[in-house]
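Below: one structure, written as structure tokens.
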């Protein structure tokens, strides 16, 4: 029921990181932050590109879309920085845990932690898998 009570320990090289399950409110904020980024990028495309998409027949538009697998699609829904800031509970690194040190994570560590936090926070894609792992709450 209370997301902050659910935690998971992850080891990256010689650093131990404790991540926590995010609340519905934190996930909503991260989703809204991601939507803002996507909207800005679309605006930056220019009127001609947007007009082309609006005028494209639905069948062609469907063929033009890239279909991501469900796991990747769910990761693209949330702002990574927001997820990392909210979801990293503690770590054993010498650097003090905070926005600057989280921003200094290398790509591999940032992505691994991002995915671990979302896997802990979101319902499983396969309900059978969730019951087997005890994530049916």
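The values are calculated or read from the model by the stated rules, or taken from the named source; none is laboratory data. Just so it is clear, the model here is predicted, and its values are computed rather than measured. Note that we place each Cβ from the backbone using ideal geometry, even for glycine, and neighbour counts take in every protein chain shown.
Here is a list: 74, 54, 34. Which entry is farther than 22 Å from residue 7 by Cα, in a helix (DSSP H, G or I) and either in contact with a helix residue (DSSP H, G or I) (Cβ under 6 Å, 6 or more places away or on another chain) or modelled with pLDDT of 75 or more (or both)?
Among 74, 54, 34, only 34 is farther than 22 Å from residue 7 by Cα, in a helix (DSSP H, G or I) and either in contact with a helix residue (DSSP H, G or I) (Cβ under 6 Å, 6 or more places away or on another chain) or modelled with pLDDT of 75 or more (or both).
Within the range 94-110, being exposed (fewer than 14 other Cβ atoms within 10 Å of the Cβ) and in a helix (DSSP H, G or I) holds for 99, 100, 103, 107, 108. Under the condition of being in a helix (DSSP H, G or I) and out of contact with any helix residue (DSSP H, G or I) (no Cβ under 9 Å at 6 or more places or on another chain), the residues counted in the range 77-93 number 0.
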